[in-house]
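All remarks here apply to the structure that follows.
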Amino acid sequence: MPWREVSTVSSRREFVQLARTEAVSMSELCRRFEISRKTGYKWLGRDAAGEAMSDRSRRPQHSPARLVPACEAAIVALRHAHPAWGARKLQQRLTVLRAPWVPAASTVHAVLARHGLIDPAASQPAYRSFEHAEPNDLWQMDFKGHFALRAGRCHALTVLDDHSRYNLVLAACPDERSETVRTHLQRAFEHYGLPWRMTMDNGPPWGGAEARHALTGLTIWLIRLGIGVSHSRPFHPQTQGKDERFHRTLKAEVLQGRTFSDCTEAQHGFDGWRPIYNHERPHESLAMQVPAQRYRPSPRAYPAYLPPLEYGPDDIVRKVQAQGWISFRGRNVRLPAALRGQSVALRVTTTDGCYEVYFSHQKLAEVDLRITNPA
C-alpha cells in the first residue's frame, strides 16, 4: 500500500523494520507496500543515517545538561503519555530513547509511587505461555467485544503474530461479517505475506455450531490459500491467550475513558496507537523487547489467484453435495455444508477400513468402514 495519510511516518518505520529482517527480497517488500525500490532505499538510507522518518527536521527530545529533577519530570511525563505502562516498561523505553540518565526500574517505581501514579490493583504476576518458534507460524485472530460509539457500535478486529506479539490487523469494523474480515485479512496478507496457520474461536464468521470441523466461506478461503485453520476449544479463551491479552492492553491504553463518535474516529485512534504497541512498548514476555524486534514478514506472498485444488494420484476424490454430504462405499458421510460444490479427498490410513477426509491440506473427518451403523 502507498504511504497512508493518517500514518505516513509509522508506515515508513514499519517498512524499514521489515526490510532489515531480509525475510523477503527488497523488490517483493516494495511491491507489498506499493512503493518504488528507489523510495524504499531512500528511507533505508535515511534511517541508517539516523534521520527522521518525516519530511520535517527532527527536534531533539532530550538535553544532556538536564538535572535530576528533570529526570523525575520525564518519568512522570512518560507515565502520563502511557498510563498503563509499569516501571519496567518505562525504564526500558528511557533506555531505547538514549536518555542521559536511566534509573533502575525500582527507582522509576518509587517516582511513580511518590506522584500517586501506582494502582496496586493493577499489579498482576506475569503469566508465561507457550509460544511458536518463528514469526508467521501462527496468527491469532479474534474480535474484541464490541463497544459503544456515539453513533452505533464498533467491532475491533485484531490479528496477532504468536511468536512476536506483533499486531498485524487492528481494524474498527461496523460489523463482524465475513466480507468485512476478508477485506482486512487480504490487506494484511498483501502487506506481510501468508502465515502457515491461523487460530480463531468457534463463532461466526469463522466457525459455527454445525460440527466439530465446521467451516465457513471465510475459512474455506484461508485453506485454499494454503493456511492451516484451527479453532480454540469452546469456553477456553486461554487458547488464544496472547490475543486476549492484547485486547486488555487495547482497552487500557486506547479505549478506557474515551468515546469515539464513529468507526472512522476509532480507526484514527487505533492507527495512532498501533505503532506505539509494535515499535515502542516493551513487552515483558519478550524480555522487554518490542514486538517489531522479533517479527519479520513471511516469504509466502499473497497470490493473485487462488491456487487450484490438487490431490494425489492415490486419493479418492468426491464432490460435496448439497447440505454437505458425500457418498463413499455405500454410505453417506456428512461434512460442513459450506463445502458444497467443492472437491474433497479420502485417503487410506494404516488401519484397514479407515480413511481420512481432506479438503486441500486440511483434515476434516475420519471414516471407519468397520462401523456398520455410524452415528
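Details
- Each Lys and Arg contributes +1 and each Asp and Glu -1, all at the Cβ; summed about the Cα centre of the stretch 164-319, the dipole is approximately 360 debye.
- Calculated P(r) over Cα pairs in 10 Å bins from 0, in percent (choose from [x] 4, 20, 27, 24, 14, 7, 3, 1, 0; [y] 5, 24, 35, 26, 8, 1, 0; [z] 5, 19, 32, 30, 12, 2, 0), label: [x]
- Using a cutoff of 8 angstrom between alpha carbon atoms and counting only pairs six or more residues apart, the relative contact order for the chain works out to 15 percent.
- Residues Met26, Met288, sorted so that the one with the fewest Cβ neighbours within 10 Å comes first: Met26, Met288
- Lys pairs under 27 Å by Cα in the chain, provided they are eight or more residues apart or on distinct chains: 8
- Using a Förster distance of 51 Å, the FRET efficiency for Ser27-Lys363 (Cβ separation, nearest 0.05): 0.90
- Placing +1 on each Lys and Arg Cβ and -1 on each Asp and Glu Cβ, with no other charges, gives the chain a dipole about its Cα centre of roughly 680 debye.
- Rough spin-label spacing in nm, given labels placed 7 Å along Cα→Cβ, for Ala304 and Arg370: 5.1 nm
- Candidates Gln256, Tyr192, Gln267 compared by Cα position along the dipole of the stretch 139-293: farthest toward the positive end lies Gln256, with charges placed on Cβ.
- Ranked list, fewest to most other Cβ atoms within 10 Å of each Cβ, for Ser106, Ser343: Ser106, Ser343
- Estimated at 0.36 nm per residue, the fully extended path between Thr107 and Arg197 surpasses their Cα-Cα distance by 28.1 nm.
- Protection proxy ranking, highest mean first, for peptides 154-162, 351-359, 193-201: 154-162, 193-201, 351-359, where packing is the per-residue count of other beta-carbon atoms within 10 Å, averaged.
- Zero-based 10 Å bins, Cα pair distances in the stretch 5-48, whole percents: 29, 63, 8
- Two-site FRET efficiency, Leu117 against Val96, from Cβ-Cβ distance with R₀ of 22 Å, rounded to 0.05: 0.60
Since every read-out is calculated from the coordinates, none of them should be taken as a lab result. Here the structure is a predicted model, which means the values were calculated and not measured. Neighbour counts run over all protein chains shown; Cβ positions are idealised from the backbone, glycine included.
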